[in-house]
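The values are calculated or read from the model by the stated rules, or taken from the named source; none is laboratory data. No experiment lies behind these values; they were computed from the predicted model shown. Methodologically, a virtual Cβ is constructed for each residue, glycine included, from the backbone with ideal geometry; neighbour enumeration extends over all protein chains shown. Each accessible area value is taken on the protein alone, full model and side chains, heavy atoms only, with ligands, DNA and RNA left out. Shrake-Rupley method; radii C 1.70, N 1.55, O 1.52, S 1.80 Å.
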Amino acid sequence: MALSKADSIKVMSGSKRTTLVVFILLISGVILSAAPDLQNSPDVTNINDFRTDRVAFHYIQLIDKEGKALPERNLNRDTSEATLLIIDRGQLTLLKDGFDDPAQVKEKEKDYLNKIYKFTRLKDLEQEYYKLPESERTKPSSKTEPNQAETNKSNTTAVPSVEPEEKNKEFDLLLKYDDELLKSYAAEKAAYAEYVRTERIYGKDSPKTSSLRARFEELKAKTQERKKFLLGFLHNTSVDSNPYPGDRKEQIFYTNHSNGAPDFYLHSTTPREVDGLMKGEEEVGKKYGQLFKTAVDRLIDSQIDKLYYYIWNRDMTNTRIKVDRFLKGKKVTVVTGDSTVYTMIDKEGDGITESFFVDSPGLKFSWGKEVPNIISISNCTDQTILAKIKALGDDVSSGRIPKKVDKLDLAIPEEQILLELKPLLKNL
């Protein structure tokens, strides 16, 4: 959310450093207004800097209590995933919780697209069919079966024709809107041409001719069966006969939700290349679960300590706090003396901070232009993480600082965390 003109003038009445604060607040507002972009998680293909050792954490939860994806999500990205990013001695490790295999996601999308395509084609066929003159349409059968139809040209006791289906306006329309019928009819015609050619060369009693005739009759029966189905649908249309598969935004393709245990491991010694890959919670969680939990806890704790330190010394460090309304609740933004931006969001107004972002605009490191590059936690439901952040927004906005941090090593906190994690990093 951008500052008002009056607020901007007020803030800019200070030094150049204060001007920088205004700029950062503006950028921060843009970042947090683009909610779908926050689903962009760290990956070996989108991390822009492998040279500086660091730890970062990304978490997104756009799932309601019933397990349904929230409507404001980006449909093309995972709705429930947590990613721990570690760069140690120039080597990248990613641990993900709630990872969905892209190949499986594509299969689910493909299945949905096939369903919506067939639904649309049958709808179009239904509309076009009844524009045909009644004389060009097959009469509905008097039989009780829903998918039965009869024509004036044949009956059930007639000897099957040894020729492909006769074309007419009705049949042409069915071919136009039904791919399955079109494929079947094309195969039928090709089989008939081969059968006729073989009969002319080898005679009708030849074993080869008999085999090809049987093949043709088999395909012809398949064509007739599909035609019969389509006419039955047209003569007995209902909601159940062509059910709507649902809107794209209602589909759930990402079904693996984060639960606190990593299920994906990637290791890279060279930017953009994968040297180690492992999937599955049983294997990854057992081997790297402790590292995942310890690193996430330590990173969040260290950033909260840093936040408290700067707020305790806000006058000396030129730290600024801004509180805005956000949906039913509020958004609290803190820009510290070293220009790190902390953002806490309570969107429900229930006193629980469910989103916590830590961004350092001065760092070149990122995995997305609009994603906070140290911590990005959106709509958190993880109780372990919530225990750390749920009171942050209220505490900071009201001036309550529950932990006094007098001293802080102003060196990059991530470097200290990596030193502490060294025993757990040896197996990477």
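Rounded to the nearest whole Hz, the Karplus-based 3J(HN,Hα) values (6.51 cos²θ - 1.76 cosθ + 1.60, θ = phi - 60°) of the range 341-353 follow the sequence 9, 9, 10, 10, 10, 10, 6, 8, x, 9, x, 10, 7, with x at glycine and proline. Every Cα-Cα pair in the range 169-298 was counted, and those over 24 Å apart are 64% of them.
Its Cα centre serving as origin, the chain has a Cβ charge dipole (Lys and Arg +1, Asp and Glu -1) of approximately 700 debye. Accessible surface calculations at 1.4 Å, restricted to protein heavy atoms, place the range 53-94 at 37 Å² per residue.
Extending 7 Å from the Cα toward the beta-carbon at both Asp409 and Lys176 defines two label points whose distance is 7.6 nm. A DSSP coil position with no more than 12 other Cβ atoms inside 10 Å describes the following GluC sites (Glu not before Pro) in the range 43-98: Glu66, Glu72. Over all directions, the projected convex hull of the C-alpha atoms in the chain averages 32.0 nm² in area. Per residue, the range 276-327 exposes 55 Å² of solvent-accessible protein surface, assessed with a 1.4 angstrom probe and all protein chains in place.
Report in % the part of the accessible area of the range 212-303 that belongs to carbon and sulfur, leaving out ligands and nucleic acids; probe 1.4 Å. With neighbouring chains kept in place, the figure for the range 212-303 is 48 percent. Translational diffusion coefficient, Stokes-Einstein: compute it for the range 180-222 using the Kirkwood radius over C-alpha pairs as Rh, at 10 °C and 1.306 mPa s, and state it as an integer in µm² s⁻¹. The estimated diffusion coefficient comes to 155 µm²/s. Computed from Cα positions, the angle between helix 102-129 and the longest principal axis of the chain comes to roughly 50 degrees.
With N as its number of residues, the range 275-392 has a Cα radius of gyration that, divided by 2.2 N^0.38 Å, comes to 1.19.
Here the Debye sum runs over all C-alpha atoms of the range 35-92 as equal scatterers in vacuum, and log10 of I(q)/I(0) at q = 0.17 Å⁻¹ comes out as -0.61.
Among the trypsin sites (Lys or Arg not before Pro) in the range 373-425, those located in a DSSP loop and surrounded by at most 13 other Cβ atoms within 10 Å of their own Cβ are Arg400, Lys403, Lys404, Lys407. Its residue count N sets the reference 2.2 N^0.38 Å, and the alpha-carbon radius of gyration of the range 308-371 equals 1.21 times that reference. Over the range 202-265, accessible surface divided per residue gives 57 Å², non-protein components excluded, 1.4 Å probe. Surface composition of the range 318-428: carbon plus sulfur atoms hold 51% of the accessible area, using a 1.4 angstrom probe and ignoring ligands, DNA and RNA.
Which of the trypsin sites (Lys or Arg not before Pro) across the range 278-360 are loop residues per DSSP, with 14 or fewer other Cβ within 10 Å?
Taking the range 278-360 and a limit of 14 other Cβ atoms within 10 Å, the loop trypsin sites (Lys or Arg not before Pro) found are Lys328.
Model label points for Leu419 and Phe229, set 7 angstrom from Cα along the Cα-to-Cβ axis, are 6.9 nm apart.
For the range 292-335 and the range 242-263, what is the separation of their C-alpha centers, rounded to whole Å? So the separation of the two Cα centres works out to 33 Å. If you sort Tyr112, Tyr192, Tyr244 by accessible surface, 1.4 Å probe, largest first, the order is Tyr244, Tyr192, Tyr112. Rounded to the nearest 10 square angstrom, Glu199 shows an accessible area of 60 square angstrom against a 1.4 Å probe.
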